[in-house]
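The values are calculated or read from the model by the stated rules, or taken from the named source; none is laboratory data. Small disclaimer: the values here were computed from a predicted structure and weren't measured. Note: ideal-geometry Cβ built from the backbone for every residue, glycine included; neighbour counts use all protein chains shown.
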Amino acid sequence: MGRAEARRARQGSARRAKRTEKKSGIRRLFTWKKILGAFLGVCLLGILGFVGLYLYVDVPTDGNADAKLQSNVYKYSDGKVLARVGRLNRENVALNRIPKDVQRSFVAAENKTFYQDSGVDLKGTLRGIFNTLRGQGKQGGSTITQQYVKNYYLSQEQTVSRKLQEIVISLKVDNKLGKDKILAGYINTSYYGRGAYGIQAAAQAYFRKDVEKLTVSEGAYLASLLQAPNQYDWTLASPAGKKRVQERWAYTLNNMVEMHWLSPQERAKQKFEIPKDPKPLPGLTGQSSYLVTEAKKELFAQGVDEKQFEAGGWTVTLGIDRKKQKDLEKAVQRKLTDDLDPKTRKVDADAQLGATSVDPKSGHIVAMYGGAGYPKHYTNNATRADYQPASTFKPLILASAMENNATTTNGVPITPNTVYDGHNRRPVVGGDIPFAPPNEDEAQYGNISVQTATNNSVNAVFAQMGADVGLDKVKQTAVSLGMDGSRMDVKPAMTLGTMGASPLQMAGVYATLDNHGKKVTPTLVTEATHSVNGAEVKLPLKDPVGDQVLSRKTADTLTSVLTGVVNDGTASQAVKNTAYSAAGKTGTSDDNKSAWFVGYTPKLVTAVGMFGESPKGGAQVSLKGTGGGGRVNGGGYPAKVWADYTEAALNGNPGPDFDLEATLGAGVPPTPTPTPSDTPSTSPSPSEKPSKSPSPTPSKPSTPPSTPPSGRPSDPSTPTGGTSSDPPNGGTQGGDTGGDTAGGTTAGPGGNKVNSMPGFN
């Protein structure tokens, strides 16, 4: 071997030695033991890290703000939705309200192992984390528990840290809550499209029914929606989207068969139900705007926290009868609105009407009309109390007289047959403040019975009666019946109804009469439940029917008297030829700024008030000229609306006549021979010297109370002191003869000037 070959051999051996040495070093560094140890170390670190994360991350004590938001749902008495109000259209429901097959359809569609897994799909979650790290966006693979945790406790962001939180919380929630609560939470927090959060809102949005009435086919569709709500919404979906949602619907039902939740035979019967077209959520428009606002006021008055309520989750059922509500709205349209022409008569734009209709036995408001609705008119005319109730207040004076066993200045007990002097501007005897109110149209009446004075709304009679009873006692009776005492000044003008009152209040007063003296506080809300953590908590509500505030004899006697107003008095032209028994009272206020009719049957009490309100600034203005006529009286538009509504609301079923335990009044035959306590008495006429001392022998009336006068006197200026006739129906539009028109001065006894309406002109 030459030197060259030897050199090459040495060089090759050196290179091989180096390679061998290098290889041995790598092997020493990466032995299988070291690799296994490193792997186990990483696993141990991962386990320790997860244990630390598990210990560190707690289940939030409360859900996120958006997950808690719900709408408040208002329903008619029959359960139909009146309005949904809130930032989110969601109404949480308990799991037991969701049909079992519908519950299972969600499990079959989303997570078949739901009832067996620990709340986490580790393989799917790791795939989701890996894809998130690769920037591939939102990934699936979550269990129902994980989706519930994401919806209720966390945000929708896609980050590794949020995903790790989701895993830990899901494990804890699965252990803590149980499968039923998790499923209920998932179904209630998921988004279904069409602005619907939760299955109840989705059932209404897609099938216009409550969740209890969903079929398994409809449930499978809603469960299928969760994968892609907008793409799978039938009205929005492309042909491809419609095909895919039908495939997913079929996949869901087939899984139910596989899991023995649906038999093959039942599966074969299922047909894909085409969802209904979307429609706007019922909200605050028209009469619902007033009803929702008033319902909230009632709840807040009963202690419901306003902030908690506005967060949502309440289902509020009203006593509003859908048919009666429509009947009332149609009656207003037919009998008033159709008669108005604001473009050609400016005064017609001032006319406002409010009405409240009450079931006197339950105390529930069954219909309410508040005006044109938001945003045309924000003030609820049914609950506003800034207008005078006028002569509708007069029956309360008689009620107070009977309850307090009051007598006339001659010492005769006040009853419907008691006779008073009804002369126009007759000075009141016995009052602390001089008072001589005019009768409507300055009409002159002679000695007339209280019954006739009620029929014709004679101011002079009730002004004197108020003094005989005592104004403080009259106020006390009015407040006990439901009127607002803070609006009542104890002055003589009070007897003409000069305080403020609402149709709601007056409906309650007359409902108490109809209910034989048991206090009725008209109530709109009949039931209110609040969804708290999936459970429904019912709010205890006060009973609208309270204690006996008038004796039955007094209440029934008032009802008997008020039948005369309908049959022979100021309301008879508008309320006639009816197939039911009715009682009521008209009212027309000073300057014709308001006109009323409050009437009732044994089954229904309705107060109708008409108000003059300027569209500019809301000032009170006269109604005179509305509809092209003259003065607007209670026997006109208000009584016509009442009669039209009542006829429709009773729907041919008026029920029995009034069941009265009364001894006197238009609805009860008069006693053949008056007893001394019933002998009519005449208060002193203006020509007599006033005296508070009762005369030993009551004077006999010039006109017997059983023979009411007929026809208006031809000369309204006839001097006081004689007998005068009084019409049952005078004035424009079947007017309220004897309304509360006032003004001027008149000569009292001895020629002294007295203010006819102190503080009222």
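Give segment 311-328 a look and list any residue that's touching a helix residue (DSSP H, G or I) at 6+ places or on another chain (Cβ under 9 Å) and in a helix (DSSP H, G or I), or say none. Across segment 311-328, the qualifying residues are 323, 324, 325, 326, 327, 328. Annotation for segment 414-423: no member residue is under 23 Å from residue 447 (Cβ atoms), in contact with a helix residue (DSSP H, G or I) (Cβ under 6 Å, 6 or more places away or on another chain) and surrounded by fewer than 20 Cβ atoms within 10 Å (Cβ to Cβ).
Among the residues of segment 310-338, how many are farther than 18 Å from residue 376 by Cα and modelled with pLDDT of 95 or more?
So the count comes out to 17.
With respect to residue 387, determine if the residue is aromatic (Phe, Trp, Tyr) and in contact with a helix residue (DSSP H, G or I) (Cβ under 9 Å, 6 or more places away or on another chain).
For residue 387, the condition - aromatic (Phe, Trp, Tyr) and in contact with a helix residue (DSSP H, G or I) (Cβ under 9 Å, 6 or more places away or on another chain) - is not met.
Within segment 397-417, residues that are assigned by TED's automatic domain parsing to the domain that holds residue 469 and over 17 Å from residue 429 (Cβ atoms) sit with their Cβ atoms under 7 Å from residues that are charged (D, E, K, R) and surrounded by fewer than 20 Cβ atoms within 10 Å (Cβ to Cβ), at 6+ positions apart or across chains, in these pairs: 400/473; 404/473; 415/678; 417/678.
The condition (being outside any loop (DSSP other than H, G, I, E, B), more than 28 Å from the chain's Cα centre (by Cα), crowded, with 24+ Cβ neighbours inside 10 Å and touching a residue at least 24 places away in the same chain (Cβ under 8 Å)) is satisfied by just one residue among 511, 453: 453.
In the set (1) in contact (Cβ under 8 Å) with a residue 60 or more places away in the chain; (2) farther than 15 Å from residue 368 by Cβ, residue 524 fails one condition alone, (2). Being in a loop (DSSP other than H, G, I, E, B), in contact with a strand residue (DSSP E or B) (Cβ under 6 Å, 6 or more places away or on another chain) and not acidic (Asp, Glu) is a description that does not apply to residue 438. On inspection, residue 143 passes the criterion of being more than 21 Å from residue 70 (Cα to Cα), buried (at least 18 other Cβ atoms within 10 Å of the Cβ), at pLDDT 85 or above and touching a Gly at 6+ places or on another chain (Cβ under 7 Å). A single member of 457, 486 is closer than 17 Å to residue 396 by Cβ, in the same structural domain as residue 603 (by TED's automatic domain parsing), among the polar types (S, T, N, Q) and touching a Lys or Arg at 6+ places or on another chain (Cβ under 9 Å), and it is 457. Checking the stated criteria, residue 188 turns out to be surrounded by 17 or more Cβ atoms within 10 Å (Cβ to Cβ), part of a helix (DSSP H, G or I) and not hydrophobic (A, V, I, L, M, F, W, C). Taking the listed residues 529, 554, 578, 570, the one that is assigned to a helix (DSSP H, G or I) and in the same structural domain as residue 638 (by TED's automatic domain parsing) is 554, with no other qualifying. Give me the residue from segment 591-629 that is closer than 14 Å to residue 352 by Cα and charged (D, E, K, R) and, out of that set, surrounded by the most Cβ atoms within 10 Å (Cβ to Cβ). Ranking the qualifying residues of segment 591-629, first place goes to 613. If the condition is being out of contact with any strand residue (DSSP E or B) (no Cβ under 7 Å at 6 or more places or on another chain) and either outside any loop (DSSP other than H, G, I, E, B) or among the hydrophobic types (A, V, I, L, M, F, W, C) (or both), then segment 358-393 contributes 372, 374, 393. Note on segment 484-496: residues that are hydrophobic (A, V, I, L, M, F, W, C) and either without any contact (Cβ under 8 Å) to a residue 24 or more places away in the chain or surrounded by fewer than 24 Cβ atoms within 10 Å (Cβ to Cβ) (or both) total 3. Within segment 198-210, the set of residues being outside any loop (DSSP other than H, G, I, E, B) and surrounded by fewer than 24 Cβ atoms within 10 Å (Cβ to Cβ) comprises 204, 205, 207.
How many residues does segment 89-113 contain that are surrounded by fewer than 19 Cβ atoms within 10 Å (Cβ to Cβ) and not in a helix (DSSP H, G or I)? Selection size over segment 89-113: 4.
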